[in-house]
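Okay, so here's the structure we're looking at.
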């Protein structure tokens, strides 16, 4: 493949808007996307959704179709089903190794925008590895891609996504069996101090109240201040046990969706050794970036939720800003839109302190009992990680050498933050001081035959 001015990893709102902006400025652009169609997680399969599915998923989802159409019209080179498994710098800029249709290839570019979005925060609870227990995000993907809604679902946790999915399930004619909201009563009072600023994003607050009204009108039971959650069953999920406001409850169900927020997907920026910082408000790591999204590595940008959780609209704005900045550094005229876009980005983020305080991570999942499985790939429990930390393993990489945590197929994407949290709790240090796994290639599983046939120097 010929050398490109810009490569973008991910085709969600940030990746698509970045590509559109860069192409309008005259840059050559290649977008690599693991999915088969553009849209990312938020607009998953929007180009194939029929009118009935668009009605179920709502106007925010449907708006993604126009963005996908504009992306297609930009004539960016779009590599679908392309899994990036390594990124490195070379004399020409950035070299991206990717797998597509069982074969590996390389594409090179002067600049790189990482627009890989967010992943759901791990929620290790007793029984969370049972068949029938999944995440709220996974349930929503099933609805977006196949129009399928599981029956008698119990949604557990907190956050805007949980309420959105509940309303979408109501619209699909299969409301959730119950919602177990883990927000402590004290969080409502703590969030009030951020309400004046949040009113700048009144549209988000109004949207949330509208979703809540729809769920309540459907008669879905909502349990507040839920604690002591246990997912019960022998070979599969059979029931959810919990306490709420001083009373014990048990709901029989075969499907549960867990969720307590999303966090930046930091695999690629960690691989590239970009500087990262711990965000106390979001209880997650994020790469250090300037106001354009450029990281500590020149020419490498992060746009969207991968740079800090802000949502789809902010992701699109950040993508456009990054795309225009790359064009400017490539010698194209400075866009007069940049100041306006940055103001819009700041305004759109005004609601975040309110949401981050209200929907803080679930305390029980941040400090799980010793017997709870943390690393699902290698079957390592919270107690084993605590024991390793007490034996003077100062960080995740040392615990990895003792217990193999983070060495499975997911490369720590599922357990990474939980491992950091447990070590920090045991050692008395902050998560920022504790650190994160050192990410190495390949980022995703790769067969030996494909690797053996890979000849990057010939491409």
task: Of the numbered conditions (1) buried (at least 23 other Cβ atoms within 10 Å of the Cβ); (2) within 23 Å of residue 203 (Cα to Cα), residue 62 fails exactly one; give the number of that condition.
output: (1)
message: Looking at (1) assigned to a loop (DSSP other than H, G, I, E, B); (2) surrounded by fewer than 17 Cβ atoms within 10 Å (Cβ to Cβ), which one does residue 347 not meet, given that it meets all the others?
response: (1)
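What about residue 15, is it part of a loop (DSSP other than H, G, I, E, B), modelled with pLDDT of 95 or more, closer than 30 Å to residue 330 by Cα and not assigned by the TED database to the domain that holds residue 206?
No: the conditions fail for residue 15.
Do we have any residue at all in region 235-246 that's under 26 Å from the mean Cα position of the chain (by Cα), crowded, with 21+ Cβ neighbours inside 10 Å and outside any loop (DSSP other than H, G, I, E, B)? Please lay out each step first, then the result.
We begin by selecting, within region 235-246, every residue under 26 Å from the mean Cα position of the chain (by Cα); these are 237, 240.
Filter again for crowded, with 21+ Cβ neighbours inside 10 Å, leaving 237, 240.
With the extra rule that they be outside any loop (DSSP other than H, G, I, E, B), the set shrinks to 240.
Yes, that holds for at least one residue.
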message: modelled with pLDDT under 95 and within 25 Å of residue 450 (Cβ to Cβ): which single residue out of 102, 147 fits that description?
response: 102
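Yes/no per residue for (1) within 14 Å of the chain's Cα centre (by Cα); (2) in a helix (DSSP H, G or I); (3) assigned by the TED database to the domain that holds residue 87:
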{"site": "273", "(1), (2), (3)": "no, no, yes"}
{"site": "277", "(1), (2), (3)": "no, no, yes"}
{"site": "282", "(1), (2), (3)": "yes, no, yes"}
{"site": "286", "(1), (2), (3)": "yes, no, yes"}
{"site": "291", "(1), (2), (3)": "no, no, yes"}
{"site": "310", "(1), (2), (3)": "yes, no, yes"}
{"site": "316", "(1), (2), (3)": "no, yes, yes"}
{"site": "320", "(1), (2), (3)": "no, yes, yes"}
task: Please give the strands (runs of 3 or more DSSP E) falling wholly within region 73-134 in which 3 or more residues are over 30 Å from residue 359 (Cβ atoms).
output: 77-79, 83-90, 93-100, 103-114
query: Got a sec? Which of 54, 36 is assigned to a loop (DSSP other than H, G, I, E, B), within 24 Å of the chain's Cα centre (by Cα) and surrounded by fewer than 17 Cβ atoms within 10 Å (Cβ to Cβ)?
result: 36
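Please pick out the residue among 154, 183, 220, 170 that is surrounded by 23 or more Cβ atoms within 10 Å (Cβ to Cβ) and either in contact with a helix residue (DSSP H, G or I) (Cβ under 8 Å, 6 or more places away or on another chain) or closer than 18 Å to residue 128 by Cβ (or both).
154
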query: Among the residues of region 141-163, which ones are in a helix (DSSP H, G or I) and either more than 16 Å from the chain's Cα centre (by Cα) or free of Cβ contacts under 8 Å to residues at least 40 places away in the same chain (or both)?
result: 142, 143, 144, 145, 146, 163
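I'd like the full set of residues that are farther than 12 Å from residue 6 by Cα and surrounded by fewer than 22 Cβ atoms within 10 Å (Cβ to Cβ), limited to region 20-33. Write out each step before concluding.
So the first thing to find is which residues in region 20-33 are farther than 12 Å from residue 6 by Cα, and the list is 24, 33.
Passing the criteria: only 24.
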message: Let me spell it out: the conditions are (1) under 27 Å from residue 439 (Cβ atoms); (2) buried (at least 21 other Cβ atoms within 10 Å of the Cβ), and residue 88 meets all of them except one. Which number is the exception?
response: (2)
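The values are calculated or read from the model by the stated rules, or taken from the named source; none is laboratory data. It should be emphasised that the depicted structure is a prediction, and the values quoted were computed from it without experimental measurement. Cβ atoms come from the backbone with ideal geometry, glycine included; neighbour counts cover every protein chain shown.
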